[in-house]
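The values are calculated or read from the model by the stated rules, or taken from the named source; none is laboratory data. Just so we're clear, the structure is a prediction, and the values are computed from it rather than from any experiment. For neighbour counting, all protein chains shown are included, and Cβ atoms are generated from backbone atoms with ideal geometry for every residue, glycine included. For accessibility, only protein heavy atoms count, side chains too; no ligands or nucleic acids. Shrake-Rupley method; radii C 1.70, N 1.55, O 1.52, S 1.80 Å.
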Amino acid sequence: KKADNQLLVIFGASGDLTKRKLLPSLFELYVRNLLPEKFRVLGASRTAFTDEEFREEQRKAILDSPEAKPYDPEQVGRFLQLVHYLSFDSTNEAEYGKLKERIEQLQQQNGLDDRIIYYLATPPVMYESVPVSLQKQGLNKPRTREGWRRIIVEKPFGTNLESAERLGEKLRKIFPEENIYRIDHYLGKETVQNILVLRFANGIFEPLWNRNYIDSVEISATETLGVENRGKYYEGAGALRDMIQNHLMQLMAFVAMENPAVFDPEPIRDEIVKVFRAIHRYSPTEIWNDVIRAQYTGRTVGGTALPGYREEKGVAADSTTETYVAMKLFIDNWRWGGVPFYFYTGKRMAEKKSEIVINFKSTPTQMFAGQCSGSSCNKLTIRIQPDEGITLKFGLKMPGAGFTVRQVGMDFRYSSLSSNYLPDAYERLLMDAMLGDSTLYARQDALEASWGFIDPILQAWAKKPDKNLYTYPVLTEGPEERYDLLYHGAGAPGPEI
Ligand code: BG6
């Protein structure tokens, strides 16, 4: 299905996100013929580009994009004819008149109805001021009946509960809630959406999907990259805000939520909020027992000296910002009471990998040699990236005499599908916003509920910046202390054949 004709205005268009994600994703949609019949992009930011110079920048970025698909430069050129640029200082209210003129000109020249998506790819300090300035020019309301205005806000949406509430309140005075799209790109990932299908399109998992049969759930997202050139942002964020409050909590919500009555945005988002509200709030002692944080330290790998976090550009030499978090939490409801959920996330770790592991309870007695002892033979692993897929592990008899158990896996891999193109998360999310489908965007109440859970941890850490702050050498599995604090009795799985 194609969206109605429209204009996409990107604020902060000369930045990294536009180059790395937005324009390459729009190009993919173009190649797949999924963009609206009439469609224009207007990039707006301070750098003084002409349309042509901006296109040239983006052309390089698309052709060099790490996905390294063999793009046809001529096709990229044709796509870029849809892209325009306005050199514009979004901090200066007086300039919004210029923006308005350019928008109206593009709409007229290209036969576009008055439908506009504003994308805030700017630093978060602008999330309030840009909408306020848009409102002053009347740019927040459509001029025609069939028109609309939507706004996409990048993360971080606030830095704690209070600021998230304040930002939400401000935005809702300017755009109605249903037109505010708070992006969490994890929800755009195919494999994440598949959790819902796996759970709600199959009858076999639901009877087991609860505290009676599930021993624990592990949700992890590790990266090999460090903070790159985002040191300044990351110093004020840290792994808890950067990954857990949004991405990992959303993954948890998909694993833990009840089935929505119908597959529509609001019923789904209602169930997500219920999960966040049911998370057991840590007592002060539990914060120190169940949450640990760490920073990567430098080391030499293959003759190259890799810097530690405190040596990165934009990072204070005595920074206590965490680049790693491991934590244990519980959901206080009848489905999940007593089942630990573990989160792990970190930068500069041994592997880039995001996955969810459902550990099922073991059999009441162990009858066979080699049977996975102390933990279950049965694990369902949902691999979000890379090698997207799902694996179910179980114990089987080793061929030959006796009864010796080996753990084996049943695998599904996306790469084995005949059409195995996996769209980037931004492709899906941009497409949804164009169509007006907010299912995969975070709603304000969910955001506030997740900050409500995270806030006490941030406050405790702010009071004792060094407590439970450990270290791990770059490109390793994280701090040793995670075992002491989070030992979950799963034990080592049996060997695989
Ligand atoms: C972003 C974080 O939201 O997610 C980054 O700000 C992080 O720090 C990124 O690197 C990870 O996303 P992905 O899709 O590569 O797992």
How large is the helix-only mean residue ellipticity at 222 nm for the chain, computed as the sum of -39500 (n - 2.57) over DSSP H runs with n ≥ 4, divided by its residue count, in deg cm²/dmol to the nearest 500?
-9500 deg cm²/dmol
With bins 10 Å wide starting at 0, give me the P(r) of the stretch 1-130 over every alpha carbon pair, in whole percents.
12, 45, 35, 8, 0
Provide the packing ranking of 195-206, 157-168, i.e. peptides ordered by the mean count of other C-beta atoms within 10 Å per residue, highest first.
157-168, 195-206
Tell me, what % of the accessible area of the stretch 354-401 is carbon and sulfur with a 1.4 angstrom probe?
60
Would you list, by chain and number, the lysines whose Cα falls below 19 Å from the Cα of Lys232, excluding same-chain residues fewer than 8 positions away?
Lys155, Lys313, Lys347
Largest-first ranking of Lys155, Lys141 by accessible area, probe 1.4 Å, whole protein assembly kept, is Lys141, Lys155
Tell me which lysines have Cα within less than 27 Å of Lys361's Cα, excluding those fewer than 8 residues away on the same chain?
Lys274, Lys328, Lys353, Lys379, Lys393, Lys397
Around Thr321, what is the net charge, scoring Lys/Arg as +1 and Asp/Glu as -1 over all other residues with Cβ under 15 Å from its Cβ?
+2
Lys pairs, the stretch 1-135 - Cα-Cα below 15 angstrom, 8 or more residues apart or on other chains:
6
Quick one: accessible surface of Asp4, probe radius 1.4 Å, all protein chains present, in square angstrom to the nearest 10.
90
What number comes out for the charge environment of Tyr127, summing +1 per Lys or Arg and -1 per Asp or Glu over other residues with Cβ under 11 Å away?
+2
Beta bridges per DSSP with both ends in the chain, % antiparallel, nearest 5
50
Let me check against my output: what whole-number percent is the relative contact order of the chain, with C-alpha pairs under 8 Å and at least 6 apart?
17
Cut-off 10 Å between beta-carbons: net charge of the residues surrounding Leu306, Lys and Arg +1, Asp and Glu -1:
+1
I need the calculated FRET efficiency for the pair Leu417 and Asp51, taking r as the beta carbon distance and R₀ as 41 Å, to the nearest 0.05.
0.55
Just how far, in whole angstrom, is the stretch 302-346 from the stretch 36-114 if you go by their alpha carbon centroids?
37
Pop a pseudo-label 7 angstrom from the Cα along the beta-carbon direction at both Ala401 and Lys464 and give the gap in nm to one decimal.
5.9
Residue-normalised accessible area of the chain, given per residue in Å² at a 1.4 Å probe:
44
Please work out the Cα center distance from the stretch 234-261 to the stretch 159-232, rounded to the nearest Å.
4
